[in-house]
Amino acid sequence: MVLTIELNKRQEKILSIVKDRGPITGEQIAEKLELTRATLRPDLAILTMAGYLDARPRVGYFYTGKTGSQLLTEKVKKIKVGEYSSMPVVIQESATVYEAIVTMFLEDVGTLYISNKSGQLAGVVSRKDLLRASMGKQDMNTIPINIIMTRMPNITYCFKEDYLLEVAHKLIDKQIDGLPVVKQAEDGKGLEVVGRVTKTNITKAFVELARDEII
Ligand code: ADP
């Protein structure tokens, strides 16, 4: 969906006409502005799509009464995790801490998800977990990752149908960088990781919302 936060002069004029006279047809608005119906069509489409106006067949346009910030809030609340998630990086729980460090560098991620033999989510490892492990005297080539990971059932996760705003709240509450996006495993047991949603994904959503563009 498209959202115009700043309206152009003509759109402002249309809005004010519909506010005063609505419901009003496109034809009547065009007459008032001394423009053709065709010239107005894109502006009316934008105002309708952005939620400022509503259109009813055979009745015309009317003002929804919503302000730009109300529409923005509505839009933020509707964003689903699936629209902004990334590919997860998953390693087996039998991998060593050393292999996890190498994977983190190669894949350029800050968090790895750990799966068990059946491919179900078993744990999470962050950069700091690996740094902590490297401070000890153990040989990182021999310690399995499942010794140091944060394990189920202590993992906070989400589904792709969840709202992004809910995820943002969880990241703040739990003071973590991201959540695995999961789905119920085929056999009904456990969860499979299908994505990840991080602070970066949320920043991206934020930037896109602020981009005052009509596409
Ligand atoms: P870092 O510690 O590298 O800054 P985080 O803040 O994401 O990264 O991780 C903090 C701690 O929380 C780590 O011990 C990590 O294992 C754990 N953690 C990370 N993501 C989750 C999650 N989704 N659920 C539960 N624990 C997590």
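Taken together, the values in this text are just the output of simple stated rules run on the coordinates, not laboratory data. Please read all numbers here as calculations on a predicted model, not as lab measurements. Counting neighbours? That spans all protein chains shown, and the Cβs are built from the backbone with ideal geometry, glycine included.
A few comments on the model shown:
- Computed from Cα positions, the angle between helix 97-107 and the longest principal axis of the chain comes to roughly 30 degrees.
- In the chain, the calculated helix contribution to ellipticity at 222 nm averages -12500 deg cm²/dmol per residue, counting -39,500 (n - 2.57) for every DSSP H run with n ≥ 4.
- Percent of alpha-carbon pairs separated by more than 20 Å within segment 62-119: 53 percent
- Ranked by how many other beta carbons lie within 10 Å on average, peptides 146-155, 108-117, 32-41 from highest: 108-117, 146-155, 32-41
- Listed by chain and number, the lysines whose C-alpha is less than 22 Å from the C-alpha of LYS199, apart from same-chain residues fewer than 8 away, are LYS75, LYS77, LYS78, LYS80, LYS128, LYS160, LYS170, LYS174, LYS183.
- Residues whose placed amide H lies under 5 Å from that of THR96, excluding near-sequence neighbours: ILE145
- P(r) of segment 118-215 over all Cα-Cα pairs, binned every 10 Å from zero, in whole percent: 13, 37, 30, 15, 4, 1
- Counting only DSSP beta bridges whose two residues both lie in the chain, roughly 85 percent are antiparallel.
- Of the Cα atoms belonging to segment 1-93, the radius of gyration and Dmax stand at 18.2, 70 Å.
- Scaled against the 2.2 N^0.38 Å expected of a compact globular protein of N residues, the Cα radius of gyration of the chain reads 1.48.
- Compared with the dominant Cα axis of the chain, that is its longest principal axis, helix 164-174 is turned about 40°.
- P(r) tail fraction, segment 19-143 - alpha-carbon pairs more than 26 Å apart, %: 54 percent
- A simple spin-label model places pseudo-atoms 7 Å from Cα toward Cβ; at LYS75 and ARG41 they are separated by 2.4 nm.
- Summarising the amide proton neighbourhood of VAL194: residues at separation of 5 or more, or on other chains, whose placed amide H is nearer than 5 Å comprise VAL181, VAL182, LYS183.
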